[in-house]
Amino acid sequence: MEKLNALSIDLEEWFHSELLGGQRPPLFQAPEATQQVLDLLDRYQTKGTFFIVGEVAERHPELVRLIFEKGHEIGCHGFSHHPLWKLDEDLFRQEMRRFHSVVEGILGKVVIKGFRAPCFSLDNRTKWALQTLVDFGYRYDASIFPVKLNPHYGVSGAPMRPYRISLTDVREEDPSSPLIEFPTPPLAIGKLKIPIAGGFYLRIFPLSFLHWGLKRINRHQPFLLYFHPWEGYAETPRLKLSFTNRLISYYGIHSALKKLEFLLNHFKFARVDQILGLR
Ligand SMILES: [Zn+2]
């Protein structure tokens with residue numbers, strides 16, 4: 001039987017990426033960029049998980065309502081999109097309180113089960129965030145990127161499939177932990193681990209390689225795909241950045257939505273909570 005994979009959309013504005021170095025021209029495109037993704041998911045009758053930035057929810061309550069009414073899962077992607085390494089435990093709690101108060105103001109009391117840290121910023125430096133998630137009633141986290149390629153994120157040695165995450169060491173499994181971790185599994189070939197399941201990796205790799213690699217992951221486990229609405233939106237402004245940051249931020253934007261459609265055509269997807277049996 002064909003494997004069911006987890007589909008996650010990180011709903012943020014085009015200017016939330018850390019690679020833009022804090023530049024935030026006041027141009028808001030999240031509703032238009034997200035509408036394209038919602039239409040695509042409707043066409044393929046697929047539901048996913050939207051990890052939403054609180055600031056975006058506050059500005060566009062109608063967008064949150066629309067996503068919820070379509071049957072997608074609502075998850076949290078922080079309030080301000082500051083990575084955890086820019087916060088501390090107190091500031092993170094404040095962010096979570098603001099996020100929940102905004103979302104409750106829009107949807108009433110809904111259970112939010114899943115969290116994704118901005119910029120995959122959960123590692124052993126920021127593991128204090130896990131207890132806060134437990135205190136807010138979260139059931140799972142999807143912030144561990146088990147490959148270290150980037151100075152800012154990545155946890156080498158972390159499991160590559162869902163596990164009960166120890167609150168004292170994010171790489172360790174603890175069967176009594178209240179939180180499940182769903183890491184973004186890379187393609188593993190021998191000792192080599194290649195991230196392929198979303199974002200820049202989805203934009204830069206050719207479809208044939210993505211198809212081959214994701215099928216290979218599916219031999220053993222579901223994968224967790226992540227996508228940002230601005231990545232597939234032609235109008236995303238291109239700011240002046242260093243060569244590397246420009247490449248990572250903007251390469252392949254014109255074809256990203258087509259690639260997502262190809263994956264919807266060739267793989268089966270569902271909400272993260274469904275894949276984890278929490279629904
Ligand atoms: Zn993000």
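The values are calculated or read from the model by the stated rules, or taken from the named source; none is laboratory data. Everything numeric in this text was worked out from a predicted model, so none of it was measured. Because the Cβ atoms are built from the backbone with ideal geometry, glycine has one as well, and the counts that use them run over all protein chains shown.
Take the conditions buried (at least 22 other Cβ atoms within 10 Å of the Cβ), touching a residue at least 24 places away in the same chain (Cβ under 8 Å) and farther than 27 Å from Asn218 by Cβ and apply them to Val170. Does it pass? Break it down into steps so the answer makes sense when it comes.
Details: buried (at least 22 other Cβ atoms within 10 Å of the Cβ): yes; touching a residue at least 24 places away in the same chain (Cβ under 8 Å): yes; farther than 27 Å from Asn218 by Cβ: no.
Answer is no for this residue.
Note on segment 249-278: residues that are of a type in the set (D, E, K, R) and without any contact (Cβ under 8 Å) to a residue 24 or more places away in the chain amount to 1.
Residue-wise test of (1) touching a strand residue (DSSP E or B) at 6+ places or on another chain (Cβ under 7 Å); (2) hydroxyl-bearing (Ser, Thr, Tyr).
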position	(1), (2)
Phe205	no, no
Ser208	no, yes
Trp212	no, no
His220	no, no
Leu224	yes, no
Pro229	yes, no
Thr236	no, yes
Ile248	no, no
Tyr251	no, yes
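Can you say whether Arg116 is in contact (Cβ under 8 Å) with a residue 40 or more places away in the chain and within 16 Å of the ligand (Cβ to nearest atom), as far as the supplied structure shows? Considered against the rule, which asks whether it is in contact (Cβ under 8 Å) with a residue 40 or more places away in the chain and within 16 Å of the ligand (Cβ to nearest atom), Arg116 comes out as yes.
Answer yes or no as to whether Lys109 is free of Cβ contacts under 8 Å to residues at least 12 places away in the same chain and either within 16 Å of the ligand (Cβ to nearest atom) or not hydrophobic (A, V, I, L, M, F, W, C) (or both). It is true that Lys109 is free of Cβ contacts under 8 Å to residues at least 12 places away in the same chain and either within 16 Å of the ligand (Cβ to nearest atom) or not hydrophobic (A, V, I, L, M, F, W, C) (or both). Considering only segment 128-151, I want to know if a residue exists there that is within 16 Å of the ligand (Cβ to nearest atom), out of contact with any Pro (no Cβ under 7 Å at 6 or more places or on another chain), of a type outside the set (Gly, Ala, Ser) and more than 19 Å from Pro186 (Cα to Cα). No, because not a single residue in segment 128-151 is within 16 Å of the ligand (Cβ to nearest atom), out of contact with any Pro (no Cβ under 7 Å at 6 or more places or on another chain), of a type outside the set (Gly, Ala, Ser) and more than 19 Å from Pro186 (Cα to Cα). Summed over segment 204-234, the residues that are among the small types (Gly, Ala, Ser) and exposed (fewer than 14 other Cβ atoms within 10 Å of the Cβ) give a count of 2. Checked against the criterion of being free of Cβ contacts under 8 Å to residues at least 40 places away in the same chain and in contact with a Phe, Trp or Tyr (Cβ under 6 Å, 6 or more places away or on another chain), the candidates Arg219, Arg238, Arg203, Arg246 yield just one match: Arg238.
Answer with yes or no whether Lys191 is closer than 15 Å to Pro146 by Cβ and among the charged types (D, E, K, R). Here the answer is yes, as Lys191 does meet what is asked.
Give segment 102-130 a look and list any residue that's closer than 24 Å to Val155 by Cβ and surrounded by fewer than 20 Cβ atoms within 10 Å (Cβ to Cβ), or say none. Break it down stepwise before answering.
Residues of segment 102-130 closer than 24 Å to Val155 by Cβ: 112-130.
Passing the criteria: Asn124, Arg125, Lys127, Trp128.
Whenever a residue of segment 139-163 is of a type in the set (Phe, Trp, Tyr), its partners that are loosely packed, with under 15 Cβ neighbours inside 10 Å, lying with C-beta atoms within less than 9 angstrom and at least six residues away or across chains, give the pairs Tyr163/Glu173; Tyr163/Asp174.
Can you tell me which residue among Phe99, Phe15, Phe28, Phe50 is buried (at least 17 other Cβ atoms within 10 Å of the Cβ), of a type in the set (A, V, I, L, M, F, W, C) and out of contact with any strand residue (DSSP E or B) (no Cβ under 8 Å at 6 or more places or on another chain)? Working first, answer last.
Working: Phe99 fails: out of contact with any strand residue (DSSP E or B) (no Cβ under 8 Å at 6 or more places or on another chain); Phe28 fails: buried (at least 17 other Cβ atoms within 10 Å of the Cβ); Phe50 fails: out of contact with any strand residue (DSSP E or B) (no Cβ under 8 Å at 6 or more places or on another chain).
Going through Phe99, Phe15, Phe28, Phe50 in turn, just one is buried (at least 17 other Cβ atoms within 10 Å of the Cβ), of a type in the set (A, V, I, L, M, F, W, C) and out of contact with any strand residue (DSSP E or B) (no Cβ under 8 Å at 6 or more places or on another chain): Phe15.
Within segment 1-33, the set of residues being over 27 Å from Phe243 (Cα atoms) and at pLDDT 95 or above comprises Leu4, Asn5, Ala6, Leu7, Ser8, Pro31, Glu32. Counting the residues of segment 190-211 that are in a strand (DSSP E or B) and of a type outside the set (D, E, K, R) gives 3.
So which residues in segment 212-246 are under 20 Å from the mean Cα position of the chain (by Cα) and more than 16 Å from the ligand (Cβ to nearest atom), if there are any at all? Matches in segment 212-246: Gly213, Leu214, Ile217, Asn218, Gln221, Pro222, Phe223.
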